[in-house]
1. GNM, the chain, Cα, under 10 Å: largest mean-square fluctuation among 25, 16, 89?
2. If the label point is 7 Å along Cα→Cβ of residue 56, which residues in segment 19-49 have backbone nitrogen under 14 Å from it?
3. What residue among 83, 42, 58 has the largest mean-square fluctuation in a Gaussian network model of the chain, using Cα springs under 10 Å?
4. I need the shape label for the chain. Rule: rounded when a/c is under 1.5, else prolate if a/b > b/c, else oblate, with a, b, c from the alpha carbon gyration tensor.
5. Taking the Cα-to-Cβ direction at residue 46 and at residue 112 and moving 7 Å from each Cα, how far apart do the two end points lie in nm?
6. Which distance in nm do the two modelled labels at residue 38 and residue 77 give, with both placed 7 Å along the Cα-to-Cβ direction?
7. Using only the Cα atoms of segment 14-80, build the gyration tensor, take square roots of its eigenvalues as a ≥ b ≥ c, and label the shape rounded, prolate or oblate: rounded if a/c is under 1.5, else prolate if a/b is larger than b/c, else oblate.
8. If the elastic network links every pair of Cα atoms under 10 Å, which of 68, 38, 79 fluctuates the most in the Gaussian network model of the chain?
């Protein structure tokens, strides 16, 4: 088991700091050490493409994403840089309006949804 500590100045829960965009792509904010006090195990850097998410878009909750089948990823809108990064690695971003909810609660789409059936 690995314990990962992160800087709470960026968020108060890990799934708003470390985004899971697909089974091959994760994202961390483009800040020193990705906002982590302890590094992720090396296998994450070996097995995944790690996107450097613009810090201003991470603050909007774009890392709290929902990967879907066929390369889709549901993310908060008003995040054009992250959408472009996602497309560059073959994902299909599906932006949704969530600014009000995220601003009030600090919870994004992943935190606010019921389970989806995902085909592998």
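Just so you know, all these numbers are worked out from the coordinates, no wet-lab data involved. For clarity, every value in this text was computed on a predicted model and none was experimentally measured. In this analysis, Cβ positions are derived from the backbone assuming ideal geometry, glycine residues included, and neighbour counts consider all displayed protein chains.
1. For the chain, modelled as a Gaussian network with Cα springs under 10 Å, the answer is 89.
2. 30
3. Answer for the Gaussian network model of the chain: 42.
4. Values: a/c = 1.41, a/b = 1.11, b/c = 1.27.
In terms of gyration-tensor shape, rounded.
5. Result for the modelled spin labels: 3.9 nm.
6. Distance between label points: 4.0 nm.
7. On the way: a/c = 2.16, a/b = 1.13, b/c = 1.92.
Note, shape of segment 14-80 comes out oblate.
8. 38
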